[in-house]
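A short write-up of the structure that comes next.
The values are calculated or read from the model by the stated rules, or taken from the named source; none is laboratory data. From a predicted model like this one, the values you see are computed outputs, not experimental measurements. So basically every Cβ, Gly included, is an ideal-geometry build from the backbone, and we count neighbours across all protein chains shown. Surface areas here come from the heavy atoms of the whole protein model, side chains and all, with no ligands, DNA or RNA. Shrake-Rupley method; radii C 1.70, N 1.55, O 1.52, S 1.80 Å.
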Amino acid sequence: MIPTIETYKNQLNAAKDSNGDWRTPYENLMRELYNLPVLFFALSKDNYDAVTKTSVPLISTKDFNGAPTLYVFSDVDLASGWMSHYHHATDDLKYGFIGAIEKAQYDFNSVFQIAKALGVQMIMLDEGGSLVGIDINYFMEVNSLSTNSINVPLTKEQYDEVVAAGKLPDIRFTPVSLIPLTSSHS
């Protein structure tokens, strides 16, 4: 049997309960999370573009004593449950403020690098399920993600503008499409 995110969460909780080695399951959990083909992110209501039905990953300070936190889900059902619980949907209830990011399409590397550059300190994994708080610096270290450079997705036109202006590009998330809701989510 191939270990899953839930298996590593259970191992982590068991190790913490018995004052055992929690680092190994914690690091395994972080590696498994980074290696998933798709992750689901809570998206910001404040940055919602109603025309394109996109937003950017939510950074919240409601947990971890106010530490800026990125909300990540390993499973669409957990993301949908969180969204329903917090009524995190458009006013017309047609879209949830949850977005799927495929590793191959967007490269999680840049998502976490950009989050770190924007001040994120923690990753809230699977809130609403068996949640785990992950220190973003530790996550990046375990997954060998550079903290000295950032992969900022730019179009050719944006790149040309940055070079012509002789400045650094703005560091911001690439907009992510909201997930359309079905009647079972609203």
Next on the checklist: Can you find a residue that is more than 17 Å from the chain's Cα centre (by Cα) and open to solvent by less than 20 Å² (accessible area, probe 1.4 Å) anywhere in the stretch 45-53?
Outcome noted: no
Item to check | Within the stretch 5-26, considering residues that are in contact with a helix residue (DSSP H, G or I) (Cβ under 7 Å, 6 or more places away or on another chain) and open to solvent by 50 Å² or more (accessible area, probe 1.4 Å), the one modelled with the lowest pLDDT | outcome: Asp21
Checklist entry - Out of all the residues in the stretch 51-76, which are out of contact with any helix residue (DSSP H, G or I) (no Cβ under 7 Å at 6 or more places or on another chain), under 15 Å from Gly133 (Cβ atoms), modelled with pLDDT of 90 or more and not in a strand (DSSP E or B)? => result Thr61, Lys62, Phe64, Asn65, Gly66, Ala67, Pro68
Checklist outcome for this item: The condition of being of a type in the set (Gly, Ala, Ser) and either open to solvent by 70 Å² or more (accessible area, probe 1.4 Å) or in a loop (DSSP other than H, G, I, E, B) (or both) holds, among Ala100, Ala115, Ala104, Ala79, only for Ala104
Next on the checklist: Looking for something assigned to a strand (DSSP E or B), modelled with pLDDT of 80 or more and open to solvent by less than 40 Å² (accessible area, probe 1.4 Å) - is there at least one such residue anywhere in the stretch 137-144?
Outcome noted: no
Checklist outcome for this item: Log entry, pairs with first residue in the stretch 23-38 being closer than 27 Å to Ser177 by Cβ and among the small types (Gly, Ala, Ser), second being open to solvent by less than 30 Å² (accessible area, probe 1.4 Å) and in a helix (DSSP H, G or I), beta carbons closer than 8 Å, six or more apart or on different chains, reads none
Next on the checklist: Just the residues that are open to solvent by 60 Å² or more (accessible area, probe 1.4 Å) and more than 24 Å from Ser110 (Cβ to Cβ), please, taken from the stretch 54-76.
Outcome noted: Lys62, Asn65
Checklist outcome for this item: Residues of the stretch 172-186 being open to solvent by less than 70 Å² (accessible area, probe 1.4 Å) and at pLDDT 75 or above, in sequence order, are Phe173, Thr174, Val176, Leu178, Ile179, Leu181
Checklist entry - Any residue in the stretch 38-47 that is assigned to a helix (DSSP H, G or I) and either in contact with a strand residue (DSSP E or B) (Cβ under 9 Å, 6 or more places away or on another chain) or within 19 Å of Ile123 (Cβ to Cβ) (or both)? => result no
